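Asker: Input: one structure, supplied below.
Throughout, read-outs are computed from the coordinates displayed, never taken from laboratory work. Here the structure is a predicted model, which is why all the values come from computation and not from measurement. Cβ placement follows ideal geometry from the backbone for every residue including glycine, while neighbour counts extend to all protein chains displayed.
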């Protein structure tokens, strides 16, 4: 998938992400609503690198987190750098959707027990509710962007 194909996919992903899974499951989504900034058009710079989940071989830096003004859609984006041999992130599930865009290296995205190899230029998607984790399976640093789209959490 190239950048143009991905750009054509983004509006559909945003629409898909606006589905409030928490409400569909009968949870009180109103209790989870925190004050998040409304995002505006512009350029966002990365924050300072920080250890991801306390693992020094996995460092992330946040670009943006907030709400789209068109509705109740939360968007967050960060970049993660994983060194070879770093332990993978904890297995998790979310009420939002996640997209991984691999910048460099080789990673393995595991969703619901199925592992898929990704290299630079690949895009992986995990829909809300699926169990998942990503890990560096190469012999060089892996760098990837994570974009989350979904309901306010």
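Asker: Using 7 Å Cα-to-Cβ label points, what is the residue 104/residue 57 separation (nm, one decimal)?
Answerer: According to this spin-label approximation, the distance is 1.8 nm.
Asker: Test of understanding: ordering 149, 134 by Cβ neighbours within 10 Å, fewest first, what list do you get?
Answerer: 149, 134
Asker: List 53, 62 from most exposed to least, where exposure is judged by having the fewest other Cβ atoms within 10 Å.
Answerer: On the way: 53 10, 62 16.
Fewest to most other Cβ atoms nearby, the residues stand as 53, 62.
Asker: How far, in nm, would the chain grow between residue 116 and residue 140 when pulled straight, counting 0.36 nm per residue and subtracting the alpha carbon separation?
Answerer: 6.8 nm
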